[in-house]
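All remarks here apply to the structure that follows.
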Amino acid sequence: MSVPSQMQDILCRMPKAELHIHIEGSLEPERIFALARRNGVTLPYADVESLRRAYAFTDLQSFLDIYYAGASVLLTEQDFYDMTRDYLERALADNVRHTEIFFDPQTHTARGVPFGVVIDGILRACQDMQGQISSSLIMCFLRHLSEEDAFLTLDAAMPHLAKIIGVGLDSSERGHPPEKFARVFARCRELGLRIVAHAGEEGPPEYIRNALDILHAERIDHGVRCLEDAELTARLAREQIPLTVCPLSNLKLCVVKDMAQHNLPQLLDAGLLAMVNSDDPAYFGGYLNQNFLALFAALPLEIRHAQVLARNSFAASFLPAARKQALLDEVDAFFAKIA
Ligand code: ADE
Ligand code: ZN
């Protein structure tokens with residue numbers, strides 16, 4: 001099924017925010033090989049085509065193994081700048097007006113890359129593009145590592161705290177529940193950082209509940225498994241906890257068998273504050289507009305759903321109230337013109 005051209009036009013042109021993008025997941029194979037050459041890093045793949053052929057994932061872990069290998073080419077501040085600039089230009093082309101970008105410092109500090117090199121390269125690209133697309137940074141802790149390691153990462157981040165808006169929790173979900181990181185997230189809250197966490201992607205609804213109750217997460221990344229628990233779903237609706245849903249990611253990581261079975265329509269029908277994001281667009285077959293097009297091609301979604309999804313993306317952001325309202329007004333003005 002394809003999306004009618006008027007609908008395609010609406011989805012691509014409507015103003016939107018992206019709240020769930022791992023910057024390391026925006027590294028395209030061509031950029032990976034260019035950086036490998038520039039830095040003299042040897043990759044376990046002969047060329048771009050053989051790397052791309054390896055993008056046949058069976059679950060989250062099978063993806064993460066390749067994602068961390070891809071990130072191993074990032075060494076200098078300019079590398080982090082180039083990667084971030086690539087993403088921001090693509091997001092801008094998709095009419096993304098604001099983005100909240102995840103980065104995984106431990107993936108780099110473990111290889112001897114200083115924290116400051118990582119964050120300053122990413123931030124410089126954000127600043128250079130600020131006039132066209134606004135952005136904030138969210139530092140993620142890798143949940144397959146220890147809480148002690150997360151605390152060391154927070155120590156390294158201390159001189160740079162003003163550069164980040166919040167912290168998140170990502171990597172291998174199963175077997176690494178939110179409560180493993182209770183103390184470090186409590187410290188982050190004391191420091192005034194905003195809190196988000198991946199939960200309910202592969203992990204059970206209980207992980208979503210514990211991310212809320214123990215980590216005090218303000219947004220849940222993915223969260224699509226919440227529908228298995230009616231009481232939790234009712235709570236997420238009542239408290240308007242945002243879910244940053246990533247359709248192509250769910251498809252590529254076999255969280256859903258086929259896009260026609262994605263539960264985004266049910267999440268919206270249940271009154272949840274869900275919106276669309278790209279997660280790791282270089283690995284999952286598309287940036288934000290491709291996610292919208294794939295979703296609307298497979299499911300009975302209409303213009304009113306597009307407007308709700310665009311509104312939710314700004315409503316769930318950590319933008320200051322005045323800019324948030326201005327962008328919500330822009331969404332409404334865009335759709336008023338269509339009607
Ligand atoms: N890191 C990058 N992408 C991720 C995802 N979809 N889930 C958990 N950790 C991630
Ligand atoms: Zn993610």
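The values are calculated or read from the model by the stated rules, or taken from the named source; none is laboratory data. These numbers were taken from a predicted model, which means no experiment stands behind them. Cβ: placed from backbone, ideal geometry, glycine included. Neighbour counts: every protein chain shown. Just so you know, the surface numbers come from the protein's heavy atoms only, side chains and all, with ligands and any DNA or RNA stripped out. Shrake-Rupley method; radii C 1.70, N 1.55, O 1.52, S 1.80 Å.
General remarks:
- Contact order for the chain, expressed relative to its length and based on alpha carbon pairs under 8 Å spaced 6+ residues apart, stands at 21 percent.
- Whole-Hz couplings from phi, Karplus 6.51/-1.76/1.60, listed for the range 261-270; x for Gly and Pro: 9, 5, 8, 4, x, 5, 4, 5, 4, 7
- Residue by residue, the range 230-241 carries 3J(HN,Hα) couplings of 4, 5, 5, 4, 4, 5, 4, 5, 4, 8, 6, 6 Hz when phi is fed to the Karplus relation 6.51 cos²θ - 1.76 cosθ + 1.60 (θ = phi - 60°); x denotes Gly or Pro.
- Listed residues Arg143, Arg124, Arg323, most fluctuating in the chain (Gaussian network, C-alpha, under 10 Å): Arg323
- Maximal additional length on extending the Ala270-Arg187 stretch stands at 26.5 nm, based on 0.36 nm per residue less the C-alpha distance.
- Taking N as its residue count, the alpha carbon Rg of the range 176-295 over 2.2 N^0.38 Å: 1.06
- Two-decimal Rg/Rh across the range 5-338, once Rg and the Kirkwood Rh are taken from alpha-carbon atoms: 0.94
- Of all lysines in the structure, those lying under 27 Å Cα to Cα from Lys180, and not within fewer than 8 positions of it along the same chain, are Lys163.
- Considering the range 1-103, its Cα convex hull presents a mean projected area of 8.1 nm².
- Both the radius of gyration and Dmax for the range 121-198 are 13.5, 42 Å, in that order, over alpha-carbon atoms.
- Share of carbon and sulfur in the accessible heavy-atom surface of the range 139-259 [1.4 Å probe, %]: 51 percent
- Cβ-Cβ FRET estimate between Glu228 and Ser62, R0 fixed at 25 Å, reported to 0.05: 0.60
- Cα convex hull of the range 226-284 - mean projected area over all directions, nm²: 3.9 nm²
- Centre separation in Å (Cα based) which lies between the range 202-244 and the range 256-315: 18 Å
- Peptides 212-223, 23-34 ordered by average Cβ neighbours within 10 Å, highest first: 212-223, 23-34
- The gain in end-to-end length when the Arg111 to Glu147 segment is fully stretched comes to 11.1 nm, 0.36 nm per residue minus the alpha carbon separation.
- Multiplying the residue separation of Phe318 and Ala333 by 0.36 nm and removing their Cα-Cα distance gives an extension gain of 3.2 nm.
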